[in-house]
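As structure tokens, the structure follows; a few thoughts come after it.
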């Protein structure tokens, strides 16, 4: 069974379905119907809840997450709060009271999710550090357009870090497991069997994947969760890795940054910003807060999406990827990991262990640009990354990478050749912009036509020139 805390009470789920969602369990089993189902894909925030983990330092850390794509095995050993958890003795929580007093609830469907996101900010929960109210609720959708009083309610409840809770820490410590968890569920309707393995160490994970190479590795489930809720796919074997300690490593070194594959975006945001501010801004615009509090950088790489936001930036920066199978490890350039659409350089039983991102030279011009139809919580139409060392008016070895321009995130070799060892002039930029048409033949889709993508990619490169001359403000300032 899995065990978790709900308002201090230990909840046990015997023989859980590994692909069952927390949202369904809350609504249909525990009758916590304040948590709503809106999109069932992590976009609208109506199902937002607060989840706490006990770190290796025995400190309790809360974060806002989407219940609709959080699979039940991911609850094991955690503490949970829903919107019903906030009121005490008939008194509303200050966030709830501020929303009520300011008429911040119209139809009311979205309100519980907004309450939980604003509550997370009010206790300075993980991922909210330094974020404005608008950024915190970017993953929550109000269909009645009542954002004014919602923002005001958030401003009325500024962050105040929660006091240490030794009782909760002790309860979570009592739930902590040393042995791996193996779950097996026989679906009474279809007769199919679904299994899940939850390792407690990287060695346990490595051994399991060698024996069960077909097992789908799940970290934050921000992608796999949609396979369940939207595609209704049958997933017979899953391995949950979000809590493997060795995969949570964040090491800032003089030469760069090393991230374990299960480091979440919200956990890595500060270190990435220190590596380069454009990386920090890129992370701020990846999904909503709830998605960044679940999704991992390793998972974003491993699923091989051609529009994943992080890979183009990491490729341009010269990142390397460490893969592991059993006791064997190999390190490859990240760019060589992506072979073709849906195909990566990964052997059966092999998995992503960590990524190392070199620190860019202080003299290099680094620019990372995401273009999307919405500013926040949207998928890229195009993601561009440029690393241009410029010395005495001459460009050194240029690195240029794009997402959304091909079936995989990829470098632009002809564009790079047109820039490298050339003078830093508008003529050079124009030649490189034209070369992009030789590097890529984008597809037309709902996010943008092929012609739009080609023109936009060239214009982003041109903009670098004008930014550098001071003729227009930097993208970071607009």
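Take the conditions (1) farther than 19 Å from residue 364 by Cβ; (2) assigned to a helix (DSSP H, G or I); residue 280 misses just one of them, which is (1). Checked against (1) touching a strand residue (DSSP E or B) at 6+ places or on another chain (Cβ under 9 Å); (2) surrounded by 13 or more Cβ atoms within 10 Å (Cβ to Cβ), residue 423 meets all criteria but (2).
Filter the stretch 386-400 for residues that are over 15 Å from residue 458 (Cβ atoms) and touching a residue at least 40 places away in the same chain (Cβ under 8 Å) and give the result. Listed by number, the residues that qualify are 387, 388, 399. Checking each residue in the stretch 56-90 for being part of a loop (DSSP other than H, G, I, E, B) and free of Cβ contacts under 8 Å to residues at least 12 places away in the same chain picks out 57, 87, 89, 90. Does residue 64 meet the test of being buried (at least 23 other Cβ atoms within 10 Å of the Cβ), under 15 Å from residue 139 (Cα atoms), modelled with pLDDT of 95 or more and out of contact with any strand residue (DSSP E or B) (no Cβ under 8 Å at 6 or more places or on another chain)? Answer is no for this residue.
Would you check if there is a residue in the stretch 443-454 being outside any loop (DSSP other than H, G, I, E, B), over 30 Å from residue 344 (Cβ atoms), out of contact with any strand residue (DSSP E or B) (no Cβ under 6 Å at 6 or more places or on another chain) and not assigned by TED's automatic domain parsing to the domain that holds residue 313? So far as the stretch 443-454 goes, no, none of its residues is outside any loop (DSSP other than H, G, I, E, B), over 30 Å from residue 344 (Cβ atoms), out of contact with any strand residue (DSSP E or B) (no Cβ under 6 Å at 6 or more places or on another chain) and not assigned by TED's automatic domain parsing to the domain that holds residue 313. Residues in the stretch 228-243 that are farther than 18 Å from residue 352 by Cβ and buried (at least 17 other Cβ atoms within 10 Å of the Cβ) were compared, and the one that is farthest from the chain's Cα centre (by Cα) is 235.
Residues checked against (1) outside any helix (DSSP H, G or I); (2) touching a strand residue (DSSP E or B) at 6+ places or on another chain (Cβ under 9 Å):
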{"position": "182", "(1), (2)": "yes, yes"}
{"position": "190", "(1), (2)": "yes, no"}
{"position": "196", "(1), (2)": "yes, yes"}
{"position": "207", "(1), (2)": "no, no"}
{"position": "233", "(1), (2)": "yes, no"}
{"position": "259", "(1), (2)": "yes, yes"}
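Please determine, by comparing only the residues of the stretch 135-164 that are without any contact (Cβ under 8 Å) to a residue 24 or more places away in the chain and in contact with a helix residue (DSSP H, G or I) (Cβ under 9 Å, 6 or more places away or on another chain), which one is surrounded by the fewest Cβ atoms within 10 Å (Cβ to Cβ). It comes out as 155.
Kindly list the number of the only condition in (1) surrounded by 19 or more Cβ atoms within 10 Å (Cβ to Cβ); (2) within 20 Å of residue 303 (Cβ to Cβ); (3) touching a residue at least 60 places away in the same chain (Cβ under 8 Å) that fails for residue 213. Residue 213 satisfies every listed condition except (1). Given the residues 467, 397, 430, which is the only one that is closer than 30 Å to residue 289 by Cβ and more than 29 Å from the chain's Cα centre (by Cα)? Answer to the check: 467.
For the criterion of being at pLDDT below 95, farther than 26 Å from residue 58 by Cβ and not assigned by TED's automatic domain parsing to the domain that holds residue 84, residue 211 fails.
The values are calculated or read from the model by the stated rules, or taken from the named source; none is laboratory data. These numbers were taken from a predicted model, which means no experiment stands behind them. No Cβ is skipped: glycine too gets one built from the backbone with ideal geometry, and neighbour counts run over all protein chains shown.
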